[in-house]
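Contents: one structure, followed by commentary.
The values are calculated or read from the model by the stated rules, or taken from the named source; none is laboratory data. Model, not experiment: these values are computed from the prediction. Cβ placement follows ideal geometry from the backbone for every residue including glycine, while neighbour counts extend to all protein chains displayed. Side chains included, ligands, DNA and RNA excluded: accessible areas come from the protein's heavy atoms. Shrake-Rupley method; radii C 1.70, N 1.55, O 1.52, S 1.80 Å.
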Amino acid sequence: MRVPPEQDAAIEALLADPAYIGHPLHTALAQLYRQLQEQVRQLDRITRISDGYQSAARREAYTLTERLNKQVRQLEKIARISDRYQTMLQDLNKRLERESTHDALTALANRRLALARLGECVATAASPWCIALVDVDHFKQINDTHGHEAGDLALLAIAHSLKDPDGHCALVARWGGEEFLLLWTGVDAVGASGHAQLLREKVQAGAPQVDGMALNVTASFGIAQWRAGESINALLRRADAALYVAKRAGRNQVRIAAIDL
């Protein structure tokens, strides 16, 4: 405990006074005073050390807190990057999956997906169900006369017409080039033929315009009804044969495979 300044001055004055130098208590008082001063100095030193330690501890705690906060911010940033990366991967996987099963131009199912759906129909032996192979009439002439962009427009228009809900198709696919494949479930060949006639008319009516003029776009349909135990290839060959008959008969027609009539 520090001695008040006025008391400290009084003690020093008494010790310095010649009148008390020979006093019996002078020596004892001087020793006690020196001990008190030393204790005060020690206490001041301890106080300074303690204050320094506390300041250092506060600085260290602040530094640790800042480091912790920085690490938390970095972890949050990594988590956000990871979330975005995961989302990007999911979107990429969905896009790749769709690109592997859908046609880039028309957005219809592609040949791969169509074959998978036909395989499912065969596996479940659902009956009746039918397919139609659809071929754009004189497509090469459209490309040669108006250019490939006009050909693409024709394919897009036909795809749109075939997707019409009135067609009742379970699947509309681009089979390849200017060919499409239609699938009807729960419908026999005669019923599918009726739906196909409506779609044929929609294809003709939905022809796109090029340079202000409507293209003459029609399509021929070949229909085959699946028979129990029949392979997909055999079914496709019968539908293709019916399509060939429609072409030979003048195009822009619907024909049913002979065995299904």
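Quick one: is LEU171 at pLDDT 95 or above, open to solvent by 10 Å² or more (accessible area, probe 1.4 Å) and not aromatic (Phe, Trp, Tyr)? In short, yes.
When you check GLU201 against the structure, is it modelled with pLDDT of 95 or more and surrounded by fewer than 16 Cβ atoms within 10 Å (Cβ to Cβ), yes or no? Yes, satisfied.
Exactly one residue among SER100, SER82, SER55 is among the hydroxyl-bearing types (Ser, Thr, Tyr) and modelled with pLDDT of 85 or more, and that residue is SER100. Under the condition of being within 13 Å of ALA132 (Cβ to Cβ) and in a helix (DSSP H, G or I), the residues counted in the stretch 246-261 number 2.
Figure legend. Inter-residue proximity from the stretch 199-216: first residues over 17 Å from GLY167 (Cα atoms), second residues part of a strand (DSSP E or B) and open to solvent by less than 30 Å² (accessible area, probe 1.4 Å), beta-carbon distance below 6 Å, spacing 6+ or different chains. No pairs are indicated. With respect to the conditions (1) under 35 Å from the mean Cα position of the chain (by Cα); (2) surrounded by 15 or more Cβ atoms within 10 Å (Cβ to Cβ), ASP166 falls short on a single one, namely (2). Scanning the stretch 204-231 for residues that are surrounded by 17 or more Cβ atoms within 10 Å (Cβ to Cβ) and over 19 Å from LEU153 (Cα atoms) turns up PHE221, GLY222, ILE223, ALA224, GLN225, TRP226. Going by what's in this entry, would ALA234 be described as of a type outside the set (S, T, N, Q), exposed (fewer than 14 other Cβ atoms within 10 Å of the Cβ) and either over 39 Å from the mean Cα position of the chain (by Cα) or farther than 19 Å from GLU149 by Cα (or both)? In short, yes.
Here the helices (runs of 4 or more DSSP H) wholly within the stretch 106-189 that include at least 1 residues being aromatic (Phe, Trp, Tyr) and closer than 18 Å to LEU215 by Cβ are 139-146. Within the stretch 35-56, the presence of a residue that is open to solvent by 100 Å² or more (accessible area, probe 1.4 Å), in contact with a Lys or Arg (Cβ under 8 Å, 6 or more places away or on another chain) and either of a type outside the set (Phe, Trp, Tyr) or within 30 Å of ALA241 (Cβ to Cβ) (or both) is excluded. Scanning the stretch 198-231 for residues that are among the hydrophobic types (A, V, I, L, M, F, W, C) and over 20 Å from HIS148 (Cβ atoms) yields LEU198, LEU199, ALA205, PHE221, ILE223, ALA224, TRP226, ALA228.
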